[in-house]
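For reference, the structure discussed in these notes is given below.
All of the numbers you see were taken from the coordinates with simple rules; none came from a lab. Computed from a prediction, not measured in an experiment: that's the story for all the values here. FYI the Cβ positions are ideal-geometry reconstructions off the backbone, even for glycines, and counts take in every protein chain you see.
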Amino acid sequence: MTVQDHLLRDKAPIPTTAWTAIDDEARERLTPLLAARRLADWGGTAGWNASSVATGRSRRLDGPPPGVASPGARTRLRVVQPLAEFRVPFTVSRDEIDDLQRGAQDPEFDDLARAAREAAEIENRALFHGWPDAGIEGIAASTPYDVVPLGEDTDRYPGVMARAVDVLRRNGIEGPFALAIGPEGFTRIAESAEHGGYPLFDHLTRILGGQILRAPGLDGALVVSQRGGDFVLDVGQDLAIGYTDHDADEVRLYLEESFTFRVTEPDVAVVVR
């Protein structure tokens, strides 16, 4: 969690001890939820003032500015990808802040937990399924392969994952491979054992050679190569907490992020649904 001046944290009636507790709680909540970024390369944190990232590409222009007589001039425009931003508001009770100053070790940040879930789902959804208004094409939208049907019969899961891995290997994509799957599917896998009592989770991990990720915001599942270099997450302001205003009972805060996402190699993922 990074801190920037525009977040106005110094204006909030929150002492240092309480700020530390709030930041720690947000980090603990967000880390396991941000599944999509665990599949991407980190493009760096450019800061809140960053508006775009270079794509390394350009497009041809019709010519020099009007009125310039230079028929042999070659003109091009550099292509950039803009950063999208979002804020998810939440509140913290001033009584809870006072109790933290008294030494309370069990803060109740229920609304922060809700905001963390929503913020993680926004980022995950954008990376997995895209965000057209923000110019982001997600992993599932970019893959060229046919969807591999999954269903709810867990006895079929090893065969389905093996087929998805085979599709990637036949197209020259090496592993290890990860399975990102929505919360219901993840729970189904975690609770299932094959005939003979062998945990399904362990069997699938051996087939994939990589991790199985619980991915809020993902419809169905994705089998993705973890070889690296295929997806880039560019962040301006990483997820951080800012201050809006307050009254006698509560302080109004928000979670904020600015980012964009690029699929540099669409052939490394198979949609399983």
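Things worth noting here:
- Cα-derived Rg over Rh, computed across the chain with Rh taken as Kirkwood radius: 1.08
- Charge dipole magnitude, Cβ of K and R +1, D and E -1 - segment 189-273, Cα centre, debye nearest 20: 560
- The chain: most fluctuating residue of Ala104, Ala164, Ala46 per GNM, C-alpha cutoff 10 Å: Ala104
- Under a model in which nothing but the beta-carbon of Lys, Arg (+1) and Asp, Glu (-1) is charged, the chain shows a dipole of about 1760 debye around its Cα centre.
- Segment 25-58 and segment 149-199 have Cα centres separated by 27 Å.
- When the convex hull of its Cα atoms is projected in every direction, mean area for segment 24-113 (nm²): 10.5
- Computed about its Cα centre, the charge dipole of segment 1-49 is approximately 140 debye, with only Lys, Arg, Asp and Glu carrying charge at their Cβ.
- Here is the P(r) of segment 107-161: all C-alpha pair distances, binned every 10 Å from 0, give 20, 26, 31, 19, 3 in whole percents.
- Value of relative contact order over segment 130-273, rounded to a whole percent, pairs C-alpha under 8 Å and six or more apart: 34
- Each part reduced to its alpha carbon centroid, segment 65-87 and segment 115-136 end up 28 Å apart.
- For Arg38 and Ala69, the FRET efficiency from 1/(1 + (r/R0)^6), where r spans their Cβ atoms and R0 equals 35 Å, is about 0.05.
- Cα lying deepest toward the dipole's positive end in the chain, options Val80, Ile22, Ala120, charges on Cβ: Val80
- Relative contact order (percent, whole number), the chain, Cα cutoff 8 Å, 6+ residue spacing: 31
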